[in-house]
1. Answer rounded, prolate or oblate for region 54-119, using the Cα gyration tensor with square roots of eigenvalues a ≥ b ≥ c: rounded when a/c is under 1.5, else prolate when a/b is larger than b/c, else oblate.
2. Cα convex hull of region 1-128: how many Å³ per residue?
3. Can you pick out the pairs among Lys160/Lys215; Lys203/Lys229; Lys160/Lys229; Lys160/Lys193; Lys102/Lys160 whose Cα atoms lie more than 24 Å from each other?
4. Can you give the three extents of the C-alpha atoms in region 99-210 along their principal axes, from longest to shortest, in whole Å?
5. Would you work out the charge dipole size for region 1-79 about its Cα centre, treating the Cβ of every Lys and Arg as +1 and the Cβ of every Asp and Glu as -1, and quote it to the nearest 20 debye?
6. Take peptides 209-220, 227-238 and line them up by average Cβ neighbours within 10 Å, highest first, as a rough protection proxy.
7. Using a 1.4 Å probe and counting only protein heavy atoms, arrange Trp121, Trp6, Trp48 so the residue with the most accessible area comes first.
8. Once phi is turned into ³J(HN,Hα) by the Karplus curve 6.51 cos²θ - 1.76 cosθ + 1.60 with θ = phi - 60°, what whole-Hz value does each residue of region 54-65 show in order, with x for glycine and proline?
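The values are calculated or read from the model by the stated rules, or taken from the named source; none is laboratory data. Since this is a predicted model, take the numbers as computed values, not measurements. Glycine gets a Cβ as well: all are built from the backbone with ideal geometry, and neighbour counts include every protein chain shown. Quick note on the areas: whole protein, heavy atoms, side chains included, nothing else; ligands and nucleic acids left out. Shrake-Rupley method; radii C 1.70, N 1.55, O 1.52, S 1.80 Å.
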Amino acid sequence: MKILQWIYTIYSALIFIALMLILGLFVVIPLIISPKDGGISFFFIRIWAKIWSFLSGIRYEVHGREHVQSNQPYIYIFNHRSFIDAPVIPIAIPQEIRAIGKKELSKVPFFGFVVSRVAVWVDRKDAASRKISVERLLKILGSGISIVVAPEGTRNDTPKTLLPFQRGAFRIAVETGIPILPMAVIGADRIMKRGSILLQPGKVQIYFSAPIDTKPYQASGDYQSLSDKCYNRLEAMILTHE
């Protein structure tokens with residue numbers, strides 16, 4: 001059984017790499033020509049994610065997409081349990097987005113070059129890097145583009161529903177008044193189990209909730225209460241649908 005899973009994982013990885021080499025430049029070139037051409041880049045990112053998922057036997061079921069208004073930027077937050085979350089995001093979210101990524105991934109040959117055009121790299125151990133990433137995220141939101149944040153800060157490899165939230169996304173939300181849109185990702189950790197690099201086919205379910213208005217928190221600057229509300233909302237969504 002393990003041998004078959006290894007074969008499947010290698011097969012899936014080779015498909016991912018092949019698609020990256022074929023479609024990577026179609027992601028990068030529009031944004032090199034003009035930062036306003038992100039919509040074209042995300043068209044090819046979604047093709048990449050959908051073809052890879054289809055050929056790997058991974059299916060998606062999205063609920064609550066009616067909560068997303070196409071002309072409204074959001075700060076999306078989601079529960080991070082698996083590396084499979086990466087293709088989930090462009091498939092589920094019907095907007096151009098930018099995501100926070102670990103700086104180490106920027107060093108992966110070609111992959112780092114491609115993804116750097118749609119990601120904000122951050123070294124969480126470096127205060128200066130965090131400050132620069134926040135400034136970039138504020139600029140992105142100011143241009144009307146949504147951002148995606150895993151507020152747990154790292155992949156959750158524990159039996160807990162959620163890890164404690166980092167504060168950065170909620171500070172940004174209070175400062176900008178941009179609504180937060182929680183997104184529960186269910187089943188990704190069954191496709192790639194915690195602590196393993198092996199894959200198996202399966203279905204991922206994604207649930208969007210109604211956006212959380214952040215403007216009532218601006219007068220007091222109480223980002224901690226906002227964080228608590230978002231934590232409780234996302235935890236309830238996960239427990240309801242798992």
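1. It comes out oblate by the Cα gyration axes.
2. Per residue, the Cα convex hull of region 1-128 comes to 147 Å³.
3. Too far apart for the 24 Å limit: Lys160/Lys215; Lys203/Lys229.
4. 39, 38, 24
5. Dipole magnitude for region 1-79 comes out near 140 debye.
6. Ranking the peptides 209-220, 227-238 by packing returns 227-238, 209-220.
7. Reading off the accessible areas and sorting them downward yields Trp6, Trp121, Trp48.
8. With the stated coefficients, region 54-65 comes to 4, 6, 9, x, 10, 10, 10, 10, 10, 10, x, 5 Hz.
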